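This report concerns only the one structure given below.
The values are calculated or read from the model by the stated rules, or taken from the named source; none is laboratory data. Since the structure is predicted, the reported quantities are computational estimates derived from the model, not experimental observations. Cβ placement follows ideal geometry from the backbone for every residue including glycine, while neighbour counts extend to all protein chains displayed.
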Amino acid sequence: MDIKKVEPLEVYTRRRNFEKTTEPDPMRVKKMQKKPVFTVQEHHASHLHWDLRLEIDGVMPSWAIPKGPSTDPKIKRLAVQTEDHPIAYATFEGVIPEGEYGAGTVMVWDFGTYENIRIKDGISVPMDQCLKDGRIEIVLHGQKLRGVFVLIKTKINWLFFKKSDEYSSIEDITKTQTRSALTNRTIDEIARSHSDDTKKGQP
Ligand code: MN
């Protein structure tokens, strides 16, 4: 038996003639949709780490990378998956107060869009499937990270690494690039400018 796959918003679309109504046409909106975003936040919590977050289906699956990203294809970095974050978190920069979860200073170290380039049997694999498979292949269009990167799930954790291309480099990028992609501030400048916020409410 032929089982017809039901498209999301099928009923909505069937009831409307988008030549006549100015209501949103889901197909058109789909085409207009911007590329998904990614962020890498330098997080000076109890242990310094970098948080990689990728927009997938309206949320941001996240990984904590203790040593941060590397642009050297020979270096594979441990990435520990953490809880999904809302998309608005991608541009969060500031100080999480003492005693709160993840207390410490957060810098938007890199920000941009990405493209999913994973292909299996000649067909593009959707990002949610890549996540389930534990194999993500993306091109990053950030201010610092560019070109092809791979995230692969091992037995327990993930590995994040650069694939060789025109953007790969042996430069120790987390040490040489130390300013916010959003505000151009250093981590100390962010900590200082927000120190007044965290003192609010304290005796
Ligand atoms: Mn973190």
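Is the stretch 134-152 home to any residue that is out of contact with any Pro (no Cβ under 7 Å at 6 or more places or on another chain) and within 16 Å of the ligand (Cβ to nearest atom)? Quick ask: steps written out before the conclusion?
Just the residues of the stretch 134-152 that are out of contact with any Pro (no Cβ under 7 Å at 6 or more places or on another chain), to begin with: 134-144, 146-152.
Now restrict to residues that are within 16 Å of the ligand (Cβ to nearest atom): none.
Taking every residue of the stretch 134-152 in turn, none turns out to be out of contact with any Pro (no Cβ under 7 Å at 6 or more places or on another chain) and within 16 Å of the ligand (Cβ to nearest atom).
Being part of a loop (DSSP other than H, G, I, E, B) and closer than 21 Å to residue 151 by Cβ is the filter here; which residues of the stretch 65-97 pass it?
Initial filter on the stretch 65-97 (part of a loop (DSSP other than H, G, I, E, B)): 66-76, 92-93, 97.
The answer is 66, 67, 68, 69, 70, 71, 72, 73, 74, 75, 76.
So, residue 118, is that one over 16 Å from the mean Cα position of the chain (by Cα) and more than 18 Å from residue 169 (Cβ to Cβ) or not?
Numbers: over 16 Å from the mean Cα position of the chain (by Cα): yes; more than 18 Å from residue 169 (Cβ to Cβ): yes.
It is true that residue 118 is over 16 Å from the mean Cα position of the chain (by Cα) and more than 18 Å from residue 169 (Cβ to Cβ).
List the number of the failed condition for residue 9; all other conditions in (1) at pLDDT 85 or above; (2) more than 16 Å from the ligand (Cβ to nearest atom); (3) of a type in the set (A, V, I, L, M) hold.
Among (1) at pLDDT 85 or above; (2) more than 16 Å from the ligand (Cβ to nearest atom); (3) of a type in the set (A, V, I, L, M), the lone unmet condition for residue 9 is (1).
Answer yes if at least one residue in the stretch 64-78 is within 12 Å of the chain's Cα centre (by Cα) and either under 23 Å from residue 128 (Cβ atoms) or small (Gly, Ala, Ser) (or both), and no otherwise. Steps first, please.
So the first thing to find is which residues in the stretch 64-78 are within 12 Å of the chain's Cα centre (by Cα), and the list is 64.
From what's left, either under 23 Å from residue 128 (Cβ atoms) or small (Gly, Ala, Ser) (or both): 64.
Yes; the residues of the stretch 64-78 include at least one that is within 12 Å of the chain's Cα centre (by Cα) and either under 23 Å from residue 128 (Cβ atoms) or small (Gly, Ala, Ser) (or both).
Just need a number here: residues in the stretch 38-89 that are among the aliphatic types (A, V, I, L, M) and either without any contact (Cβ under 8 Å) to a residue 40 or more places away in the chain or away from the ligand (no atom under 13 Å from the Cβ) (or both).
Applying the first criterion (among the aliphatic types (A, V, I, L, M)) to the stretch 38-89 yields 40, 45, 48, 52, 54, 56, 59-60, 64-65, 75, 78-80, 87-88.
Those left that are additionally either without any contact (Cβ under 8 Å) to a residue 40 or more places away in the chain or away from the ligand (no atom under 13 Å from the Cβ) (or both): 48, 54, 56, 59-60, 64, 75, 78, 87-88.
The total comes to 10.
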